[in-house]
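Everything on this sheet refers to the single structure shown next.
The values are calculated or read from the model by the stated rules, or taken from the named source; none is laboratory data. Please read all numbers here as calculations on a predicted model, not as lab measurements. Neighbour counts are summed over all protein chains in view; Cβ atoms, including those assigned to glycine, are modelled from backbone coordinates with ideal geometry. The protein model used for the area step is the full one, side chains on, heavy atoms only, and it has no ligands, DNA or RNA in it. Shrake-Rupley method; radii C 1.70, N 1.55, O 1.52, S 1.80 Å.
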Amino acid sequence: MIRSMLTVALMAGFVCFASTAFAKGDPAKGRLEVYSCHGCHGVTGYESVYPEYHVPRIAGQNEQYIIDALNEYKSDARHYPTMNAQAHSLTEQQIENIAAYLSSLAPKQLHKN
Amino acid sequence: MQQRIILVSLAAAALALGFGTASAKGNAAAGAKKAVACEACHGKDGNGTAPNYPALAGQYQDYLIEALHEYQTNGRTHPLVSGIHHRDNAIMNAMAAPLTEQDIEDITAYFSSLPSKLSDLSGKVQGSDDGLHSRG
């Protein structure tokens with residue numbers, strides 16, 4: 001009972017957190033700041049070594065999700081060693097710039113991957 | 001009787017052709033039915049109903065499988081996930097918890113097969129020629 005109440009409270013918290021003010025990143029700056037991401041996210045079909053799976057596609061991803069994901073890596077709520085290292089070195093402003101740039105890459109026409 | 005068997009195997013072959021190409025694992029047609037619960041947030045088209053929900057359409061299937069395994073792990077050990085990889089989100093932990101391996105393969109086969117706005121970063125960083133840098 002307490003557990004389920006906790007879960008509900010957590011969910012409510014998440015929804016509030018997720019819907020906080022929309023970020024104002026600068027996509028032109030973000031374009032330069034994704035330079036260090038290219039080695040992994042830039043290579044079509046690139047796979048992480050262990051366990052083996054593709055590095056996710058992040059170009060065109062939704063803006064607030066990218067901000068949340070990078071903040072989760074930054075705070076270690078989400079664990080993946082190289083991404084934690086990347087995110088630790090990013091400022092809040094850089095995260096917003098990167099998210100603005102990456103989300104701006106979504107094409108008008110959907111494609112088949 | 002014989003005709004029936006031929007019909008059924010033809011249908012199976014057609015299904016395999018139609019959906020088997022996009023992904024190595026799972027059955028996208030079965031996944032489409034199981035994905036109804038996901039659509040409230042991730043959208044009928046798999047592109048997310050709000051900016052805080054990720055687009056899944058056209059994402060790598062093996063990455064989506066890994067993500068669901070990490071949510072299932074939720075701090076515990078999972079036979080398929082290394083302990084150093086872990087994520088924790090109240091909503092997704094709860095959504096992933098009841099899924100079987102078959103469910104995960106089918107659902108991810110479905111989402112990864114949908115028309116996508118996602119791509120890799122290649123050609124989209126500084127120095128590449130997509131126009132943005134000309135604005136300064």
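So that you can scan it fast, the table gives a plain yes or no per residue for (1) part of a helix (DSSP H, G or I); (2) modelled with pLDDT of 95 or more; (3) buried (at least 20 other Cβ atoms within 10 Å of the Cβ):
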residue	(1), (2), (3)
B:Leu10	yes, no, no
B:Ala13	yes, no, no
B:Gly26	no, yes, yes
B:Lys34	yes, yes, no
B:Cys38	yes, yes, no
B:Asn47	no, yes, yes
B:Tyr53	no, yes, yes
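Of the residues making up the stretch A:68-82, those that are at the interface with chain B (Cβ under 10 Å from one of its Cβ atoms), open to solvent by 30 Å² or more (accessible area, probe 1.4 Å) and in a helix (DSSP H, G or I) number 2.
I need the full set of residues from the stretch B:89-116 which are in contact (Cβ under 8 Å) with a residue 60 or more places away in the chain and small (Gly, Ala, Ser), in order please. Scanning the stretch B:89-116 gives B:Ala109, B:Ser112, B:Ser113, B:Ser116. Quick check, is A:Ile98 more than 8 Å from chain B (Cβ to nearest Cβ) and either under 23 Å from B:Tyr71 (Cβ atoms) or among the small types (Gly, Ala, Ser) (or both)? No; evaluated as a whole, the condition is false for this residue.
Within the stretch A:83-113, the set of residues being of a type in the set (Asp, Glu) and open to solvent by 70 Å² or more (accessible area, probe 1.4 Å) comprises just one member, A:Glu92.
Could we say that A:Ala100 is at pLDDT 95 or above, part of a helix (DSSP H, G or I) and closer than 20 Å to B:Gln61 by Cα here?
Here the answer is no, as A:Ala100 does not meet what is asked.
Exactly one residue out of B:Ser116, B:Ser134, B:Ser82 is open to solvent by less than 30 Å² (accessible area, probe 1.4 Å) and modelled with pLDDT under 60, and it is B:Ser82. A:Ala85 - would you say it is under 10 Å from the mean Cα position of the chain (by Cα) and more than 8 Å from chain B (Cβ to nearest Cβ)? Judged against the criteria, A:Ala85 is not a match.
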